[in-house]
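Asks: Sharing a structure here in structure tokens format.
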Amino acid sequence: MKQKRRPDRSDRSAVMFYALIKSGSVIYLNAKSTVVFESVILNIGSHYNSNDGVFVAPRKGVYLFSWTVSSAGSKYILTQLVVQNRIISNAGETDMDAVYHSASMTALCRMQKDDHAFIRTTAYGGEHAIYSYDQRPRSSFLGMLVHNEN
């Protein structure tokens with residue numbers, strides 16, 4: 001009887017994270033500043049750093065990222081997903097007439113092992129304001145490996 005070969009699963013472990021900006025926070029950031037989502041809800045594989053807001057890809061593959069940013073009153077927030085100094089996508093809100101406003105984006109991108117991904121404010125304007133409250137949309141960032149290319 002021929003023995004079946006088991007697939008090597010050593011590089012197939014899950015990679016995913018979900019982090020929030022803590023509730024009750026108002027953060028003011030200059031242009032091109034990294035947004036740090038410091039309250040980690042899930043970090044399977046420990047590849048998201050809640051101290052600097054950067055995710056490091058553990059292996060080559062296609063990754064999905066999604067983020068929501070909220071602001072209020074006459075403030076605006078414009079952000080972008082950056083992977084290896086390349087802008088992948090943007091999300092932001094400039095509706096200064098709304099009491100609370102938020103924007104979300106989801107993007108897929110190919111990453112190499114040890115590539116860095118993070119959310120930062122855009123070069124547009126001066127001070128960006130991020131709000132995060134339980135009663136309103138929470139500012140959050142998530143990412144996961146959806147296709148392993150090793």
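Read-outs throughout are calculated quantities, based only on the coordinates presented, and are distinct from any laboratory measurement. This is a predicted model, so every value here is computed, not measured. Ideal geometry is used to build each Cβ from the backbone, glycine not excepted, and the neighbour counts take in all protein chains shown.
Asks: Whole number please: convex hull volume per residue of the Cα set in the chain, in Å³?
Replies: Dividing the Cα hull volume of the chain by its residue count gives 111 Å³.
Asks: Can you give the extra length, in nm with one decimal, that the chain gains between residue 146 and residue 113 once fully stretched, where that is 0.36 nm per residue apart less the Cα-Cα distance?
Replies: Here the answer is 10.4 nm.
Asks: Sticking with this structure for a sec: Please list, in chain and number order, the residues 5+ apart from residue 139 or on another chain whose amide H is under 5 Å from its amide H, with Hs placed from the backbone.
Replies: 21, 70, 133
Asks: Looking at the chain, how many pairs of lysines come closer than 29 Å at the Cα, when each pair is eight or more places apart or spans two chains?
Replies: 7
Asks: In a shell of Cβ-Cβ distance under 14 Å around residue 82, excluding residue 82 itself, what net charge do Lys and Arg (+1) and Asp and Glu (-1) give?
Replies: +1
Asks: Any idea how far apart residue 42 and residue 74 come out in nm if each label point goes 7 Å out from Cα toward Cβ?
Replies: 4.1
Asks: Contact order normalised by length for the chain, with contacts defined as Cα pairs under 8 Å and 6 or more residues apart; what percent is it?
Replies: Computed over the chain, the figure is 36 percent.
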